[in-house]
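Engineer: Please read through the structure below; I'll follow up with questions.
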Amino acid sequence: MGVTPKRRQAGGLFITLEGPEGSGKSTQIRHLAATLRRLGYRVVQTREPGGTVVAEAIRNTLLLSSSREPITPEAESLLILAARSQHVAHLIAPALRRGAIVLCDRFSDSTFAYQGFGRGLDLAWLRAADAVATKGRHPDLTLLLDVPVAVGLARRRSARGRQNRLDRESERFHRLVRTGFLKLAEESPRRITVIDADRSEREIRAEIAALVVGWLGGTRRRPGRSQHAF
Ligand code: TMP
């Protein structure tokens, strides 16, 4: 590379992985973090909801199922946004200020896909509330791992013991979520790249590595020149 990774990262970069259940994001984010670290980049790997002590506590509340007290769509959204506010303030923003590449497993697009398209909450309200939680911070690059709903749900079911409250939603809900993600990708084609995740782990891993390494070396966004709100 022409410029050292350290210098290129002066402003930090924020990359998110998104996708419906069973798209393999969590595995792929680990591979990507390892690849970038091998290339000398400073990487902070994190996830949503979660990433800080308070946000992980909110995650536990959110993913628990309680038939005695179902979580309303509004409460679900507000809890997710509360977790995001903690995450941005205490982990993401400081890491970007230090010049790291932040790799995050889910972020705002999940809120629009799950709570907006899936639950049917007003997207304009969600976007406004999300902007409060993030202080206007958008990812620089988003990889959307797209997989047909039946394939994703079958993968989750075979990963025994890992199903959460949202995994157990109806197939119709998951179809709305997937369609939502694809609509978001259509709206933001420069930021969101759709990856076909109905392939082997190895193929997806190779495509993501090539794409991100190419993007880091390319002209679309130069890390050293990227602008951050904080
Ligand atoms: P995951 O770790 O398997 O991705 O699980 C997190 C769950 O939380 C997943 O079912 C999607 C859900 N979620 C939302 O509904 N909205 C959000 O904004 C985020 C970040 C996650």
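The values are calculated or read from the model by the stated rules, or taken from the named source; none is laboratory data. Note that this is a predicted model, so its numbers are computed, not measured. Here the Cβ positions follow ideal geometry from the backbone for every residue, glycine too, while neighbour counts run over all protein chains shown. Note: accessible area is taken over every heavy atom of the protein model, side chains too, but ligands, DNA and RNA are not part of it. Shrake-Rupley method; radii C 1.70, N 1.55, O 1.52, S 1.80 Å.
Engineer: Is the stretch 90-215 best put as rounded, prolate or oblate by its Cα gyration tensor, with a ≥ b ≥ c the root eigenvalues, rounded for a/c under 1.5, and otherwise prolate when a/b is larger than b/c, oblate when not? Please report the intermediate quantities before stating the final value.
Structural biologist: On the way: a/c = 1.62, a/b = 1.13, b/c = 1.44.
Because a/c hits 1.5 or more and a/b fails to exceed b/c, the stretch 90-215 counts as oblate.
Engineer: Kindly rank 40-48, 110-118 from highest to lowest mean number of other beta carbons found within 10 Å of each residue. Let's see the in-between values first.
Structural biologist: Values: 40-48: 18.7, 110-118: 24.9.
So the order, starting with the most tightly packed, is 110-118, 40-48.
Engineer: What spacing in nm lies between the two simple spin-label points modelled at residue 210 and residue 164, each 7 Å away from Cα in the Cβ direction?
Structural biologist: Between residue 210 and residue 164, the label points sit 3.2 nm apart.
Engineer: So, with +1 on the Cβ of K and R and -1 on the Cβ of D and E, and no other charges, what is the size of the charge dipole of the chain about its Cα centre, to the nearest 20 debye?
Structural biologist: Working: 39 positive and 23 negative charges, 206 e Å.
Result for the chain is approximately 1000 debye, rounded to the nearest 20.
Engineer: Hey, another quick one. Give me the accessible area per residue for the chain, probe 1.4 Å, as a whole number in Å². Could the numbers behind the result be given before it?
Structural biologist: Details: 11180 Å² over 230 residues.
So the chain comes to 49 Å² accessible per residue, rounded to a whole number.
Engineer: Let me ask something else. If 21, 56, 203 are ordered by their accessible area, calculated over protein heavy atoms with a 1.4 Å probe, which sequence runs from highest to lowest? Before the final figure, lay out each step's value.
Structural biologist: Values: 21 15, 56 50, 203 95 Å².
If we order 21, 56, 203 from most to least accessible, we get 203, 56, 21.
Engineer: Put +1 on the Cβ of every Lys and Arg and -1 on every Asp and Glu Cβ in the stretch 44-117; which of 117, 55, 95 then has its Cα farthest towards the positive end of the dipole?
Structural biologist: Farthest along the dipole direction, towards plus: 95.
Engineer: Now, a different point. Say we join alpha carbon atoms closer than 10 Å with springs in a Gaussian network model of the chain; which of 188, 85, 200 then has the biggest fluctuation?
Structural biologist: It is 200.
Engineer: Modelled label-to-label distance, residue 97 and residue 200, 7 Å Cα→beta-carbon offset: nm?
Structural biologist: Taking the two extended label points, one gets 4.5 nm.
Engineer: State the extension gain, in nm to one decimal, for the chain segment bounded by residue 175 and residue 128, taking 0.36 nm per residue of separation less the distance between their alpha-carbons. Walk me through the numbers on the way to the answer.
Structural biologist: Working: separation 47, 0.36 × 47 = 16.92 nm, distance 2.47 nm.
Fully extending the segment from residue 175 to residue 128 adds 14.5 nm.
Engineer: Also, quick follow-up: Classify the stretch 136-208 as rounded, prolate or oblate from the Cα gyration tensor: take a ≥ b ≥ c as the square roots of its eigenvalues, call it rounded if a/c is under 1.5, otherwise prolate when a/b beats b/c and oblate if not.
Structural biologist: Details: a/c = 1.97, a/b = 1.36, b/c = 1.45.
Here the stretch 136-208 falls in the oblate category.
Engineer: Given the options 35, 163, 136, identify the residue whose Cα lies farthest towards the positive end of the charge dipole of the stretch 13-217 (+1 on Cβ of Lys, Arg; -1 on Cβ of Asp, Glu).
Structural biologist: 35
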